[in-house]
1. Could you grab me the full set of residues in the stretch B:49-65 that are touching a strand residue (DSSP E or B) at 6+ places or on another chain (Cβ under 6 Å) and open to solvent by 60 Å² or more (accessible area, probe 1.4 Å)?
2. Looking at the stretch B:83-94 only, could you name the residues that are of a type in the set (Asp, Glu) and either facing chain A (nearest Cβ under 7 Å) or open to solvent by less than 10 Å² (accessible area, probe 1.4 Å) (or both)?
3. Given the structure, is B:Lys111 away from ligand 1 (no atom under 16 Å from the Cβ), without any contact (Cβ under 8 Å) to a residue 24 or more places away in the chain, over 21 Å from A:Lys204 (Cα atoms) and assigned to a helix (DSSP H, G or I)?
4. In the stretch A:46-70, what residues are of a type in the set (A, V, I, L, M, F, W, C) and modelled with pLDDT of 85 or more?
5. Residues in the stretch B:36-51: is at least one away from ligand 2 (no atom under 13 Å from the Cβ) and β-branched (Val, Ile, Thr)?
6. Name the strands (runs of 3 or more DSSP E) wholly within the stretch B:1-81 that hold at least 3 residues that are within 16 Å of ligand 1 (Cβ to nearest atom)?
7. What are the residues in the stretch A:268-284 that are open to solvent by 40 Å² or more (accessible area, probe 1.4 Å) and hydrophobic (A, V, I, L, M, F, W, C), if any?
8. So, in the stretch B:194-212, of the ones that are more than 16 Å from ligand 2 (Cβ to nearest atom) and open to solvent by less than 10 Å² (accessible area, probe 1.4 Å), which residue ends up nearest to B:Leu275 (Cα to Cα)?
Amino acid sequence: MMIGILQAKCKLFLRNPLLFVIFTGMSIVFALIIGGAIGMNTIHVPVYAENETVQDSFIGEYLEETDVYQFSWMTKDEMLEEISNGKAEVGAVLQEFDYQLIVGVESVNTAMVDQTLRDAYMRNIQLEQMITAAGADTGRERENVLEELQSAMASPVFTIETTSFRSSDSFIYDNTFQSLFGFSLFFVIYTIAYNVLPILIEKKDGIWDRMILSPIKKWEMYVANLVYSFFAGYLQVLIIFLIFRFWVGVDFNGRFLETLVLLIPYVFSIVALSIFLTSLMKNAEQFNAILPIIAVSMAMIGGAYWPIEIVESEILLALSKINPLTYGMEVLQGVAVYGYSIEELLLPISILLLMGVVFMGLGIHLMEKRHV
Amino acid sequence: MLELVDLSKKFKQNNAVKNVNMFIEKGEIVGLLGPNGAGKSTAISMLSSLVIPTKGDVRFNNKSVIKHPEPLRRVIGMVPQEIALYEDLTAEENLKFFGRIYKLKGNALKKKIDEVLDQIGLTDRRKDIVKTFSGGMKRRLNIGVAMLHDPEIMIMDEPTVGIDPQSRNYILETVKRLNHEKQMTVLYTSHYMEEVEFLCDRIYIMDQGNLIASGTKDEIKRILSAEKAILIKSNRWNDTFITSLKQDPTVNRVIVEEKEITIMVPKEINMFSSLIRIAEDAGIELNSVDIKTPTLEDVFLHLTGRALRD
Ligand SMILES: Nc1ncnc2c1ncn2[C@@H]1O[C@H](COP(=O)(O)OP(=O)(O)OP(=O)(O)O)[C@@H](O)[C@H]1O
Ligand SMILES: [Mg+2]
């Protein structure tokens, strides 16, 4: 009998796919444009090296390899001009062991560029120390050590685990994933919520009364509706990710399947949140008015629009802790950007599942208590 | 067979249903009349085990429905006041869906759907999406869905609101036929007197949560047998006229509307001449004077001092 409900829901879905298509499309378009996954939007950062060796050193190589920012070498005057006439938001003066940021416009990028440069210098120091430790003095020896180091890195005998999950100074800003995950997780809230809302409408119209009088069980009605909403939401993100994986060519750092699996807790928690929200609403109009407010606030404080790492307000940070989207982003970025294992992500996963259970329990309880 | 015992329902401060007692016997068509907000739907929801009463009990074959709703649910068919259908599915798909949740399948389901479609006269529109239906067709399907599992008791909450006369007649005839052919017991809620007069054997009248009258059609009309109603019409009234009417010792009650006044007087009184005199004294020109035989509408007026429909 649950199958009957699911079939009816699927028929209804196929007859009115417009909203689904719109939300899927918006996620893709926003992620493409803002995420710059098609390469039209890497941010240009002018740099000037005070000491020429910097450009050829490890630091120079490192900066050229990052694909979020395009560092271009130029003279000091050129750089200052670009910043003053607004061609670039931020630039940097690089010395051998130190750097200076020249900030034109304070933005997300200032912190990110700073972060990237700091990484480059830190790694450079580590490298120098290793070379010194290896006792390499002459140029040839240095080359050899470097080569060995590189091949060792390519096939490590052991890996050092970084357990500093979300420690403030080790965050990687990957614009592509930030936007892809951010917009996917944001827009899917709408799809899921709009698929849960019919529970309220069907209750008002008396369709639920009809089902209650029939032999079908109450729990079957909820399960069928919620399972359906879950799959509608999951399907949306799946389509988006498939498009990015196989059409745009984002490789999810080789962890595409894990990403798909670890999407489940988030989608589940949003289904639960939606039923909770629905249970508090008087009618569909109120729901329609409130949903965007909730979804957008969740996106803003949950790090869907910009990385949560740049949020400083204590209040917002506290709020982000009760926001499933925060953990959804944490899990997906944890997998695809940081390369964490599932065990390392157990905390945010458990929080999502817990939130899901709590919201669903409350939601169904309130839904049952209300008249209509 | 089905009984409401001292049934009450309170929504926060609002006493929607107050101490209502009713019974329905097998094979009857019982009418439940009342104006908007009378508490009809609330009473019906409690009766069909969808709403838990604040006080009182519903008994089906002498067993409490509140404690054990299943035996009643198995035999009950409910036509809700709203159109409880999936508007984006076709008529047939709706029937299929609701048939399935009643565990019908395969050929049995197909046959049943054909039969119901035939009974509600929608066979040639079966493949059309409900959204494209007229109000009357939706109402008919709304009833059809409740017939799929051959219920013994059909509970209908204003099944004819806002539809064209043809569809309305069709529905009334269908109800009557089901009652005749299948001995289906029917509780029919309405605020249309004519429907109830046409269909029902017995009638309950509710107002503001109270049951204010009950009995067979004749019994109810006999409430008025001691009185008659005189209906007078004029383009305008004045206070002198109305006051003198009210002060006339033979007049029981005066109900004033814009262009009509209904005067209730004891049956044996002939107040025609005194009425004309009062009108002359007050300077009122009467357009017509009518003596009405009592209708259910008058009973309602008598009982509540208000018209059934606003
Ligand atoms: N779920 C509810 N919550 C609060 N009050 C309610 C609820 N349902 C009904 N009421 C109130 O109870 C009273 C009776 O309503 P009910 O729907 O039973 O009347 P009705 O006779 O069916 O009227 P109508 O002819 O308009 O359908 C009304 O005052 C209504 O506002
Ligand atoms: Mg009603």
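1. B:Thr54, B:Lys55, B:Arg59
2. Result: B:Asp88, B:Glu93.
3. Details: away from ligand 1 (no atom under 16 Å from the Cβ): yes; without any contact (Cβ under 8 Å) to a residue 24 or more places away in the chain: yes; over 21 Å from A:Lys204 (Cα atoms): yes; assigned to a helix (DSSP H, G or I): yes.
Criteria met by B:Lys111.
4. A:Val47, A:Ala49
5. no
6. Result: B:2-11, B:14-24, B:29-33, B:55-60.
7. Of everything in the stretch A:268-284, those that are open to solvent by 40 Å² or more (accessible area, probe 1.4 Å) and hydrophobic (A, V, I, L, M, F, W, C) turn out to be A:Phe268, A:Phe276, A:Leu280.
8. Checked the stretch B:194-212; the qualifying residue nearest to B:Leu275 (Cα to Cα) is B:Ile203.
The values are calculated or read from the model by the stated rules, or taken from the named source; none is laboratory data. This structure is a prediction, so every number in the text was calculated from the model and none was measured. A quick note on method: Cβ atoms are made from the backbone with ideal geometry, for glycine too, and the neighbour counts reach across all protein chains shown. Quick note on the areas: whole protein, heavy atoms, side chains included, nothing else; ligands and nucleic acids left out. Shrake-Rupley method; radii C 1.70, N 1.55, O 1.52, S 1.80 Å.
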